[in-house]
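Everything below concerns the one structure shown next.
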Amino acid sequence: MKLQLDRTTTIGVVGLGYVGLPLAVTLGQQYRTIGFDIDGPRVEELRAGRDSSLEVEPEELAAAERLSYTTDIEDLRPCSVYIVTVPTPITRAKTPDLTPLKSASKALGQVLGSGDVVIYESTVYPGATEEVCVPLLEATSGLEFNRDFFAGYSPERINPGDREHRLITIKKVTAGSTAEAADFVDELYASIITAGTHRASSIRVAEAAKVIENTQRDVNIALINELALIFNRMGIDTDEVLAAAGSKWNFLPFRPGLVGGHCIGVDPYYLTHKAQEIGYHPEIILAGRRLNDSMGAFVASEVVKLMAARGGFPQDARVLIMGLTFKENCPDLRNTRVVDIVAELRSYGIQCDVHDPWASADEARQEYGIDLIEPSAGDDYDAVVLAVAHRQFAEAGAQAARGFAKPGAMLYDVKHIFPADDVDGRL
């Protein structure tokens, strides 16, 4: 069966979040593209030319003249290519939650036709596409894999909030279930990615490449976090140590911090799950995960110690947390570890208020039970914790942050955005 890509090809993108929307918009400038999402309000805002994730500007949405949006899976029936970009979270037990991926596969099976190609971009463990997704496509469609339809995998590399590294400027890994399918998938992405593509030898290789990209970062950050814990006990400034070590040409510039988000704090569990399934217990990866997940509680304990060193804190002590999103300059709240700081401080009986100019108040309340506030100069907080390096906070400076607190109150800088002399403590 000949797979052919041309300007008449119709492409369906399933999932219009941080990954799917930029892809759909880029494809929609060249190909007829139909963006599908089960979230009705999300589809309506996109139809109105707005993107609440702030990943795509209104003019970019308008430039995708061949892109339309729908919540009806039947509207994807004219497509011959389907790209799945749904989230792949973890459960409370820190195991892969493939529910969105399975649901998307079952739904696509209803409209899948002979000669179609289904490409997955969602992060999974090696083997998941062909072991989990493909059987669902076969069962629902009644078609036979690699005879009637084909599969591909091209892992997403979207970095939310990053205005420099965009979809088209990041090299794309591609793979297909047959040699012809691999050629087709690579040709499709090469037609929109200016940075070029890297064709992997198999879908499993491409899946493995994706999952170790963020696992590697997680382990490296865990090392620096552990060094920060050690240097803290020794009374040595971690920032000064890293600056000195960084003078060597091959020193890797990782920094301590909270590790959250939908990638670095999640993807390693997909790999460790598969490793344990085949009888191998990962040591370094899981140790890194445990250490990184403990950093929020460590920050809270440091804040409490610093407050206590100043004569303790009153029974009705109040702390202002500045920032809630998982990273700076984006509204993404998924898996933010700032909530660990809040929870630990509250366990001491301290009232915590949270301010974040980027986050959605409704989402913060719904996901974490946190009501965002707008602080005012002259507020009487006993301490202020700078948790996320939003540009508004950096531009305002340390004195503006202190202005929300009582005279002499403590300022703790998790992200090292203020000079050391302007803060009372930092990670």
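The values are calculated or read from the model by the stated rules, or taken from the named source; none is laboratory data. Computed from a predicted model, the values in this text were never measured in an experiment. Cβ coordinates were reconstructed from backbone atoms using ideal geometry, including for glycine residues, and neighbour counts include every protein chain displayed. These accessible areas exclude ligands, DNA and RNA; they are computed on the full protein's heavy atoms, side chains included. Shrake-Rupley method; radii C 1.70, N 1.55, O 1.52, S 1.80 Å.
Out of the residues in segment 160-176 meeting the condition of being open to solvent by less than 60 Å² (accessible area, probe 1.4 Å), out of contact with any strand residue (DSSP E or B) (no Cβ under 9 Å at 6 or more places or on another chain) and free of Cβ contacts under 8 Å to residues at least 40 places away in the same chain, tell me which one is nearest to V118 (Cα to Cα).
I170
With the condition kept exactly as written, say whether any residue in segment 85-108 is charged (D, E, K, R) and under 16 Å from V14 (Cα atoms).
Scanning segment 85-108 turns up at least one residue that is charged (D, E, K, R) and under 16 Å from V14 (Cα atoms).
Go through segment 83-100 and count every residue that is farther than 19 Å from P22 by Cα and not hydroxyl-bearing (S, T, Y).
9
Considering only residues that are charged (D, E, K, R) and surrounded by 21 or more Cβ atoms within 10 Å (Cβ to Cβ), which ones fall in segment 197-216?
The answer is E207, K210.
On the given criteria, is T194 of a type in the set (V, I, T) and open to solvent by 60 Å² or more (accessible area, probe 1.4 Å)?
yes
Go through segment 148-159 residue by residue and tally those that are over 19 Å from C133 (Cβ atoms) and either open to solvent by less than 30 Å² (accessible area, probe 1.4 Å) or part of a strand (DSSP E or B) (or both).
1
Of the conditions (1) closer than 15 Å to G296 by Cα; (2) among the charged types (D, E, K, R); (3) touching a strand residue (DSSP E or B) at 6+ places or on another chain (Cβ under 7 Å), D340 fails just one. Which one is it?
(3)
Which one of these is at positive phi and either surrounded by fewer than 17 Cβ atoms within 10 Å (Cβ to Cβ) or not in a helix (DSSP H, G or I) (or both): G257, G265?
G257
Considering (1) surrounded by fewer than 20 Cβ atoms within 10 Å (Cβ to Cβ); (2) among the hydrophobic types (A, V, I, L, M, F, W, C); (3) not in a helix (DSSP H, G or I), say which one V319 fails and leave the rest.
Tallying (1) surrounded by fewer than 20 Cβ atoms within 10 Å (Cβ to Cβ); (2) among the hydrophobic types (A, V, I, L, M, F, W, C); (3) not in a helix (DSSP H, G or I), V319 fails exactly one: (1).
If we scan segment 218-235, do we find a residue that is open to solvent by 50 Å² or more (accessible area, probe 1.4 Å), within 17 Å of the chain's Cα centre (by Cα) and within 15 Å of L291 (Cβ to Cβ)?
No: zero hits.
Kindly provide the set of residues from segment 236-251 that are open to solvent by 80 Å² or more (accessible area, probe 1.4 Å) and in a helix (DSSP H, G or I), ordered by number.
E240
Is it the case that G279 is in contact with a Pro (Cβ under 8 Å, 6 or more places away or on another chain) and farther than 22 Å from L386 by Cβ?
no
When the residues of segment 268-295 are narrowed to those that are among the aromatic types (F, W, Y) and within 19 Å of the chain's Cα centre (by Cα), which ends up least open to solvent (accessible area, probe 1.4 Å)?
Step by step, filter segment 268-295, then rank; the result is Y270.
For segment 361-405, how many residues meet the condition of being in contact with a Pro (Cβ under 6 Å, 6 or more places away or on another chain) and either surrounded by fewer than 17 Cβ atoms within 10 Å (Cβ to Cβ) or outside any loop (DSSP other than H, G, I, E, B) (or both)?
Final tally of qualifying residues: 1.
List the strands (runs of 3 or more DSSP E) that sit entirely inside segment 1-112 and contain at least 2 residues that are open to solvent by less than 30 Å² (accessible area, probe 1.4 Å), closer than 17 Å to V124 by Cα and among the aliphatic types (A, V, I, L, M).
Passing ranges, in order: 81-84.
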